[in-house]
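Before any comments, here is the structure.
The values are calculated or read from the model by the stated rules, or taken from the named source; none is laboratory data. All values reported here derive from a predicted model rather than from experimental measurement. Neighbour counts are summed over all protein chains in view; Cβ atoms, including those assigned to glycine, are modelled from backbone coordinates with ideal geometry.
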Amino acid sequence: MTESKHHINSRRRVLDEISKRANIDDKVINAMNRVPRQLFINKSLESMAYADKPLPIAAGQTISQIYTVAMQTSLLQLNVGDKILVIGTGCGYQTAVLCELGYKVFSIERFEELHNIAKQNLDNLGYQAELIYGDGFKGLPDHAPFDGVLLTCGAPEIPQKLMKQLAINGKMVAPIGRGMQEMMVIQKISETENKITKEGTYRFVPMLSGKVDD
């Protein structure tokens, strides 16, 4: 894939700004510098690809702002080869960033249209991930335990079915709450004990149960 210098420079500039104002792991910044965000959004919005804000995608959903993707990914603190479950594949951008970091990625999307778009986007760029069209609240128990779980949508409360699929010492990074959400990092200390830290307030599209076909 050949990119224009404009896109490369725009991406580098916004990620440099993010790294200066937030404590983001350098590995995450480097990985995001290798992912062409403009290829995950509608062609008509390409000029806004490196504006640090959410943008509309299909099915009435959004691609998260660049800072939010960087922050959530950095909070995971995973290692190469670790297994992660993403709830809310969207257009596939977050999944691509996680693949760039060398994680084994499983990602669930409830909208069939978005699932198909994400698959096409990731295939076009050569990213290998297990994409599932399904209900994120159910997770993937047959593939558990996961070293990390990342929610790209706001859950009304900590999803207990997903916590059960998290490995001991694994982390869930999730916006929790109704309306405005609190970004939480929930580390599973044991089957009965979790350590929770809070990382600020955000507004995500809501996490909903069930599947939506085309």
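In table form, for the structure just shown:
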| item | result |
| --- | --- |
| Check on Lys104, in contact with a His (Cβ under 9 Å, 6 or more places away or on another chain), under 19 Å from Gly170 (Cβ atoms) and in contact (Cβ under 8 Å) with a residue 12 or more places away in the chain | no |
| Pairs with Cβ under 6 Å, 6+ apart, first in the range 1-21 and of a type outside the set (Ser, Thr, Tyr), second not in a loop (DSSP other than H, G, I, E, B) | His7/Gln38; Val14/Ile66; Leu15/Ile29; Leu15/Met32; Ile18/Tyr67; Ile18/Ala70 |
| Residues being at pLDDT below 95, of a type in the set (S, T, N, Q) and in a helix (DSSP H, G or I) - total across the range 20-58 | 2 |
| Qualifying positions in the range 75-91 - buried (at least 22 other Cβ atoms within 10 Å of the Cβ) and among the small types (Gly, Ala, Ser) | Gly88, Gly90 |
| Pick from the range 194-214, criterion of a type in the set (Gly, Ala, Ser) and in contact (Cβ under 8 Å) with a residue 40 or more places away in the chain, ranking: nearest to Gly179 (Cα to Cα) | Ser209 |
| Top-ranked residue of the range 143-167 - restricted to ones that are without any contact (Cβ under 8 Å) to a residue 60 or more places away in the chain and touching a Lys or Arg at 6+ places or on another chain (Cβ under 6 Å), ranked as surrounded by the fewest Cβ atoms within 10 Å (Cβ to Cβ) | Pro156 |
| Criterion: touching a helix residue (DSSP H, G or I) at 6+ places or on another chain (Cβ under 9 Å), surrounded by fewer than 17 Cβ atoms within 10 Å (Cβ to Cβ) and closer than 25 Å to Val14 by Cβ - qualifying residue of Ala51, Ala70, Ala96, Ala129 | Ala51 |
